[in-house]
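> Below is the structure I would like to discuss, written out as C-alpha cells.
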Amino acid sequence: MRYLNRLIDAVQRNCHIADARHARDVTLCTYLLEMREYYRWENELPPQAQPRKDELGAWLTEREAMWSDLEDEPFGALPVDEDKLDAFDAEAINARLVPQGYVYGGGYGRFHRPHFFLARLDRTEVRDGLTVLLAGCEYARDLSAPPAVLHNGTVYLRQESIMRWLREKVEIWGVRKADGALAAALERYGFEGDASGALERMAAAETEAIILHELGEGMAEALLGARWREMIAALTSRRAELVARAVRDNLADCASTLPSLIESGAEASIHFYFANFEGMRRALFPLLERGYRQWRESGEVSALAAAVRSGRAHWEAAGRRLIEIHATAGEGGPDERIAGEEAALTL
C-alpha cells in the first residue's frame with residue numbers, strides 16, 4: 001500500500017489524542033495495568049515479559065508529557081491514497097483499505113470515548129447480513145483496545161486484543177486458582193495438560209462466541225431501531241449508560257450468543273461466558289445466573305435454556321421501555337430516570 005507509514009503515523013496521532021483526553025478515566029490500578037500492557041505492545045515485547053520498572057516509569061512520564069501537549073488538539077484527517085478522509089468515516093476509509101489487505105476502525109465506544117486502530121486484515125466474512133472484518137497485526141492503536149465492536153453493519157474483530165484478554169484471564173486465575181466458572185472453562189479447554197494448545201483452542205472458540213455476541217447486537221439494533229442508537233448517543237450519565245448497555249447486551253446474548261452455545265453443546269464457552277457475566281449485566285439478570293448454577297450442578301440444561309428464552313422477550317421489552325422513558329422524561333431528566341430503572345428491569 002502506498003503511503004502506509006504516513007497513514008500509520010496519522011492514526012497513531014489520533015490514538016494519542018484520544019488517550020490524552022480519556023486514558024485517566026479509569027481507576028489508577030486499571031490505568032497502570034493498561035499502560036504496562038501498552039508498553040509491551042509498543043516495544044514489541046512478548047506478553048509474558050516483565051518490563052524494568054525504571055524503563056517503564058521513564059516511558060510513562062514521557063508519555064503523559066506528550067499527552068499534555070496533545071490534549072487540546074483536534075483529531076486529524078487521514079491520508080488514504082491521495083485523499084484526506086475524516087477519521088470517523090471508517091466506511092469510506094475501509095472501502096479503500098480492505099481491498100489492499102488492511103482494516104481501520106474509528107468511532108466512539110463506552111462513555112463516548114473515541115477509539116482508533118489500523119491493522120492487517122486477516123479475513124472477511126459475512127454472517128447474518130453483517131460484514132465481519134478480522135484484524136490481525138495492529139500497526140496503530142490507543143490504550144484501551146476493545147476486542148470487538150459493531151458499527152454501521154460491520155463487526156470489527158481485533159484478534160490481538162482477544163488474545164491479550166484471554167491471557168490476562170488465565171494469568172489472573174493462575175494467581176488465585178479460585179473454583180468457579182473460569183476454572184471449569186479452563187479445565188474443559190485442557191490447560192492442565194497442554195497450556196499452549198489450550199490457549200489456541202480457547203482463542204478459536206471464544207472468537208466465535210464474540211462474533212455471536214456482535215451478531216446479537218445487530219439483532220438488538222434491528223429490534224430496537226434508530227431511537228435506541230440516538231438514546232445511547234444522548235446519555236450523559238455513566239450509570240444510565242451502564243444500565244442501557246447491559247439491557248442491550250443481555251438482549252444480544254439471549255437472541256444469539258447463548259442459544260447458539262447451548263445448541264452446539266459448547267460447554268467450555270458456556271462456562272467462560274459466565275466467568276465474564278458480571279457488573280450490571282449480572283445484577284439485572286439473576287435468573288440467568290440461577291439457570292447456570294442448576295446446569296453446572298446437575299448437567300440439565302433446561303433451566304438455563306428457559307432463562308434465555310424468558311430473557312429474549314424481557315430484554316426487548318426493557319429496551320423499548322428505556323426508549324420511551326428517554327423520549328418522555330423531559331429535558332434534564334432522562335439519565336436520572338434510566339439510572340433509577342435497575343430494580344424495575346431486573347429479571
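> Taking the range 177-204, which residues are farther than 21 Å from Tyr292 by Cα and hydroxyl-bearing (Ser, Thr, Tyr)?
Matches in the range 177-204: Ser196 only.
> Here's another thing I want to ask about it. If the requirement is being closer than 28 Å to Thr124 by Cα and among the hydrophobic types (A, V, I, L, M, F, W, C), which of these qualifies: Val98, Val26?
Unique residue meeting the criteria: Val98.
> With the requirement that a residue be surrounded by 18 or more Cβ atoms within 10 Å (Cβ to Cβ) and over 14 Å from Tyr108 (Cβ atoms), what does the range 18-27 give you?
Those that are surrounded by 18 or more Cβ atoms within 10 Å (Cβ to Cβ) and over 14 Å from Tyr108 (Cβ atoms): Asp19, Ala20, Ala23.
> List the pairs whose first member sits in the range 232-245 and is more than 21 Å from His314 (Cα to Cα), whose second member is at pLDDT 90 or above, and whose Cβ atoms are under 6 Å apart, counting only residues at least 6 apart or on separate chains?
Leu235/Glu241
> Sort through Ile211, Ile172 and tell me the only one that's within 29 Å of Glu42 (Cβ to Cβ), of a type in the set (Val, Ile, Thr) and outside the structural domain of Gly333 (by TED's automatic domain parsing).
Ile172
> Give the number of residues within the range 17-59 that are among the basic types (Lys, Arg) and within 24 Å of Cys137 (Cα to Cα).
Residues flagged as among the basic types (Lys, Arg) and within 24 Å of Cys137 (Cα to Cα) within the range 17-59 amount to 2.
> On the basis of being of a type in the set (A, V, I, L, M), exposed (fewer than 15 other Cβ atoms within 10 Å of the Cβ), in a helix (DSSP H, G or I) and outside the structural domain of His151 (by TED's automatic domain parsing), does Ala222 make the cut?
yes
> Taking helices (runs of 4 or more DSSP H) that do not extend beyond the range 1-103, which have at least 3 residues that are in the same structural domain as Thr131 (by TED's automatic domain parsing) and hydroxyl-bearing (Ser, Thr, Tyr)?
Result: 28-42.
> Search the range 334-345 for residues that are within 11 Å of Arg239 (Cα to Cα) and in contact (Cβ under 8 Å) with a residue 60 or more places away in the chain and pair each with any residue that is surrounded by fewer than 20 Cβ atoms within 10 Å (Cβ to Cβ) and among the aromatic types (Phe, Trp, Tyr) when their beta-carbon atoms are under 8 Å apart and the residues are at least 6 apart or on different chains.
none
> Got a sec? Which of Leu150, Leu118 is crowded, with 18+ Cβ neighbours inside 10 Å, in a strand (DSSP E or B) and at pLDDT below 95?
Leu150
The values are calculated or read from the model by the stated rules, or taken from the named source; none is laboratory data. These numbers come from a predicted model, not from an experiment. Backbone-built Cβ (ideal geometry, glycine too); neighbour counts: all protein chains shown.
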